[in-house]
Amino acid sequence: MHMLIYALVEASTAEEALSTGKTVFDRLVGAEPHSCAVFDYYVTFDEEETTVAGKARWGDLPTAAPVTSDEGEELLERAWKTTTETFQRNLDRVKQALEERNDDEIMRDEGLARHAFQQVGASRGPSICLYDQHAAGIRHRRHLDRLLEETDERETCWIVPADVHF
């Protein structure tokens, strides 16, 4: 399966933002030493060679955009909407499992109850689409707001999209 994920990074230029974003994505696919793969591979929107991922799958998204630009605001809004919708969908599955299943059924993962619990608690992987520049999942609004507010005055906060497979 494919999904869009986004890295929020501090940088001075679009090129630097893309480079830092690729470092984040490398960590998420296990390409760096001591990193744990939660996705199989990624394609950023500067890659022209692929005919099945990136622009070919999602259209012409920016390679990197300042979060204060129109493109950046649109990407951030899209990412946050996906974050909240995914969380709510998984939380609803957890609530339903707790109402409809007994402890033994939950332990056996009937109805994928334990999987839903895991998705609600995940900090990386398919239930998280927004990451900071350390490859930590942005799971709640306070974390996102803190990142947006704490950007170094000499830098700009950029959003870098990538198409990932999991």
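The values are calculated or read from the model by the stated rules, or taken from the named source; none is laboratory data. Since this is a predicted model, take the numbers as computed values, not measurements. Please note: Cβ atoms are built from the backbone with ideal geometry, for glycine as well, and neighbour counts cover all protein chains shown. Just the protein is used for accessible areas: all its heavy atoms, side chains included, with ligands, DNA and RNA removed. Shrake-Rupley method; radii C 1.70, N 1.55, O 1.52, S 1.80 Å.
Looking at E49, E16, E32, E10, just one residue is out of contact with any strand residue (DSSP E or B) (no Cβ under 8 Å at 6 or more places or on another chain), among the charged types (D, E, K, R) and not in a loop (DSSP other than H, G, I, E, B), and that residue is E16. Residues considered: R108, R27, R101, R89. Of these, the only one that is closer than 30 Å to E155 by Cβ and among the basic types (K, R) is R27. Scanning the range 55-65 turns up at least one residue that is open to solvent by 80 Å² or more (accessible area, probe 1.4 Å), modelled with pLDDT under 95 and in a helix (DSSP H, G or I). Only one of the numbered conditions (1) closer than 24 Å to A136 by Cα; (2) at pLDDT below 95; (3) touching a helix residue (DSSP H, G or I) at 6+ places or on another chain (Cβ under 9 Å); (4) surrounded by fewer than 17 Cβ atoms within 10 Å (Cβ to Cβ) is violated by E110, and that is (1).
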